[in-house]
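Visitor: Got a structure for you, written out below as structure tokens; questions coming shortly.
The values are calculated or read from the model by the stated rules, or taken from the named source; none is laboratory data. As the structure is a computational prediction, the values presented were derived from the model and not from experiment. Cβ: placed from backbone, ideal geometry, glycine included. Neighbour counts: every protein chain shown.
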Amino acid sequence: MQDISFFVPKGPYNLSKLPKELGVQKKDISITDVKTLDKAEKNNITFLNSPDYIDLAKKTKASVCLTTNNLKNFLPKECVTIIVKNVLFAIAQVSKMFYPNADIDYPDKTLVESSKLSTEYDSVTFGKNNFIGKNVKIGTNTIIGNNTTVEHDVQIGKNCIIGSNVTLRNSLIGSDVVIQDGSKIGIKGFGFIPLKGKNFRFPHIGRVIINDNVEIGANCTIDRGSIGDTVIGTNSFLDNQVHMAHNVKIGENCMIAGQVGFAGSTSIGNNVSIGGQAGISGHLKIGNNVKIGGGSGVIKNIPNGITVMGYPAMPLKDFLKSKNDK
């Protein structure tokens, strides 16, 4: 897969152009883009809103960081800090400056019916009524069903099977991937800042990255990242009706049963199995070789090699004991 971005930032902007309510002191620094702590480079602006990301904060290369007073000292000395009351609202406002059209999924005006593109995709098998956007790349021997839309700049690898009524946008898809009917991948996530009278939509400038030999069941919804990416590792399989919110990362060789829901920014390790209708809260870290029973509600981190069950999810032996005690 070629490493590309689907949104082009405006700017650069001096800090003096940031919203006045952010209370910027040093105003002569030029900012070229908005990035996460780990991806930021010189002249980028980033954000730190939780102690969970202190390790990343210590290593960031960003020139500027939006944060709170109690977290500012975890950033490198050369990083200029802007202290704000609501970090997420502040970074949403800045993201909106650089990416004014990333908070709503507008229709792709570059779409062309696939029958008119036979010379460009002569090694691809299309069904009927498919639409393909500008600069889309599709590997050899890939099959696409009926009524499927692949929006601009999406990449699909070799030997993939894409079902009918699928929507692909803002996504990089590896080889030997199966995506079943009705799945929607790369759509904007459920991110907004609650305000009186009118909520502020958080721009979503990230991507969905699906690695090789992944299977996505029918009617799954996978949101693109807000600033970072949503990722599915090699050889992981998702059953029908699985939802992945923005920035979720699933490792390699994972098996996810039907109707599992992942809240935003949770990280799943390798070789993880999750039973049907389990719910995983946001900003959690689930270790390698973890097993989560069906219907469980996970509300805290799980270390490597643990099997959990119940709501709230607890080690399996504790769950069974609680049942026996009754």
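Visitor: Could you tell me whether any residue of region 209-222 is among the hydrophobic types (A, V, I, L, M, F, W, C), touching a residue at least 24 places away in the same chain (Cβ under 8 Å), out of contact with any strand residue (DSSP E or B) (no Cβ under 7 Å at 6 or more places or on another chain) and within 22 Å of ILE143 (Cβ to Cβ)? Can you show your working first?
Guide: First, pick out the residues of region 209-222 that are among the hydrophobic types (A, V, I, L, M, F, W, C): 209-210, 214, 216, 218, 220, 222.
With the extra rule that they be touching a residue at least 24 places away in the same chain (Cβ under 8 Å), the set shrinks to 209-210, 214, 216, 218, 220, 222.
Still in the running and out of contact with any strand residue (DSSP E or B) (no Cβ under 7 Å at 6 or more places or on another chain): 218.
In the following step, the residues that additionally are within 22 Å of ILE143 (Cβ to Cβ) were identified as 218.
The answer is yes; a qualifying residue exists.
Visitor: I'd like the full set of residues that are of a type in the set (D, E, K, R) and either under 30 Å from ILE82 (Cβ atoms) or free of Cβ contacts under 8 Å to residues at least 24 places away in the same chain (or both), limited to region 105-119. Quick ask: steps written out before the conclusion?
Guide: First pass over region 105-119, keeping only residues of a type in the set (D, E, K, R): 105, 108-109, 113, 116.
Result: ASP105, LYS109, GLU113, LYS116.
Visitor: How many residues does region 181-209 hold that are over 26 Å from ALA92 (Cα atoms) and crowded, with 21+ Cβ neighbours inside 10 Å?
Guide: Applying the first criterion (over 26 Å from ALA92 (Cα atoms)) to region 181-209 yields 181-183.
Filter again for crowded, with 21+ Cβ neighbours inside 10 Å, leaving 183.
Qualifying residue count, region 181-209: 1.
Visitor: Same structure, new question: Answer yes or no as to whether GLU120 is in contact with a strand residue (DSSP E or B) (Cβ under 8 Å, 6 or more places away or on another chain) and in the same structural domain as GLY233 (by TED's automatic domain parsing). It would help to see each step written out before you state the result.
Guide: On the way: in contact with a strand residue (DSSP E or B) (Cβ under 8 Å, 6 or more places away or on another chain): no; in the same structural domain as GLY233 (by TED's automatic domain parsing): yes.
In short, no.
Visitor: In region 160-184, what residues are among the hydrophobic types (A, V, I, L, M, F, W, C) and over 16 Å from the mean Cα position of the chain (by Cα)? Outline the logic, then answer.
Guide: Let us first name the residues in region 160-184 that are among the hydrophobic types (A, V, I, L, M, F, W, C), namely 160-162, 166, 168, 172-173, 177-179.
Scanning region 160-184 gives CYS160, ILE161, ILE162, VAL166, VAL177, VAL178, ILE179.
Visitor: Further question on the same structure: From the list CYS65, CYS160, pick out the single residue that is among the hydrophobic types (A, V, I, L, M, F, W, C), closer than 20 Å to LYS35 by Cβ, surrounded by 18 or more Cβ atoms within 10 Å (Cβ to Cβ) and in contact with a Ser or Thr (Cβ under 7 Å, 6 or more places away or on another chain).
Guide: Numbers: CYS160 fails: closer than 20 Å to LYS35 by Cβ.
Checking each option against the conditions leaves just CYS65.
Visitor: Follow-up. Tell me which residues, restricted to region 207-235, are of a type outside the set (A, V, I, L, M) and within 12 Å of SER265 (Cα to Cα).
Guide: The initial filter retains those residues of region 207-235 that are of a type outside the set (A, V, I, L, M), namely 207, 211-213, 215, 217, 219-221, 223-226, 228-230, 233-235.
Of everything in region 207-235, those that are of a type outside the set (A, V, I, L, M) and within 12 Å of SER265 (Cα to Cα) turn out to be ASP223, ARG224, GLY225, SER226, GLY228, ASP229, THR230.
Visitor: Any idea how many residues of region 80-123 are assigned to a loop (DSSP other than H, G, I, E, B), over 26 Å from the mean Cα position of the chain (by Cα) and hydrophobic (A, V, I, L, M, F, W, C)?
Guide: Here is the first cut: in region 80-123, the ones assigned to a loop (DSSP other than H, G, I, E, B) are 84-86, 99-111, 118-123.
Now narrow it down to the ones that are over 26 Å from the mean Cα position of the chain (by Cα): 118-123.
This time we only want the ones that are hydrophobic (A, V, I, L, M, F, W, C), so: none.
So the answer is 0.
Visitor: When residues of region 163-184 are filtered for being of a type in the set (Gly, Ala, Ser) and assigned to a strand (DSSP E or B), how many remain? Spell out the reasoning first.
Guide: From region 163-184, those of a type in the set (Gly, Ala, Ser) are 163-164, 171, 174-175, 182-183; that's our starting set.
Narrowing further to those that are assigned to a strand (DSSP E or B): 171.
Residues meeting the conditions: 1.
Visitor: Right, something else. Just checking, how many residues over region 275-325 are in a helix (DSSP H, G or I) and free of Cβ contacts under 8 Å to residues at least 12 places away in the same chain?
Guide: First, pick out the residues of region 275-325 that are in a helix (DSSP H, G or I): 316-325.
When the remaining residues are screened for being free of Cβ contacts under 8 Å to residues at least 12 places away in the same chain, the result is 317-318, 320-321, 323-325.
Qualifying residue count for the region: 7.
Visitor: Does region 299-307 include one or more residues that are surrounded by fewer than 17 Cβ atoms within 10 Å (Cβ to Cβ), at pLDDT 95 or above and closer than 22 Å to ILE216 by Cα?
Guide: No: region 299-307 contains no residue that is surrounded by fewer than 17 Cβ atoms within 10 Å (Cβ to Cβ), at pLDDT 95 or above and closer than 22 Å to ILE216 by Cα.
Visitor: So, LYS285, is that one basic (Lys, Arg) and more than 25 Å from LYS323 (Cα to Cα) or not?
Guide: Details: basic (Lys, Arg): yes; more than 25 Å from LYS323 (Cα to Cα): yes.
Here the answer is yes, as LYS285 does meet what is asked.
Visitor: I'm told ALA102 meets every condition in (1) crowded, with 20+ Cβ neighbours inside 10 Å; (2) free of Cβ contacts under 8 Å to residues at least 40 places away in the same chain except one. Can you identify the failing condition by its number?
Guide: Evaluating ALA102 over (1) crowded, with 20+ Cβ neighbours inside 10 Å; (2) free of Cβ contacts under 8 Å to residues at least 40 places away in the same chain leaves (2) as the failure.
Visitor: Would you point out which residue out of LYS58, LYS134 is part of a helix (DSSP H, G or I), over 22 Å from the mean Cα position of the chain (by Cα), more than 26 Å from GLU21 (Cβ to Cβ) and modelled with pLDDT of 95 or more?
Guide: On the way: LYS134 fails: part of a helix (DSSP H, G or I).
Being part of a helix (DSSP H, G or I), over 22 Å from the mean Cα position of the chain (by Cα), more than 26 Å from GLU21 (Cβ to Cβ) and modelled with pLDDT of 95 or more holds for just one of LYS58, LYS134, which is LYS58.
Visitor: Which residue pairs have Cβ atoms closer than 8 Å, lie 6 or more positions apart in sequence or on different chains, and pair a first residue in region 1-21 that is closer than 22 Å to LYS188 by Cα with a second residue that is of a type in the set (Asp, Glu)?
Guide: Close Cβ pairs (under 8 Å, with a partner that is of a type in the set (Asp, Glu)) amount to ILE4/ASP153; PHE6/ASP153; PRO9/ASP33.
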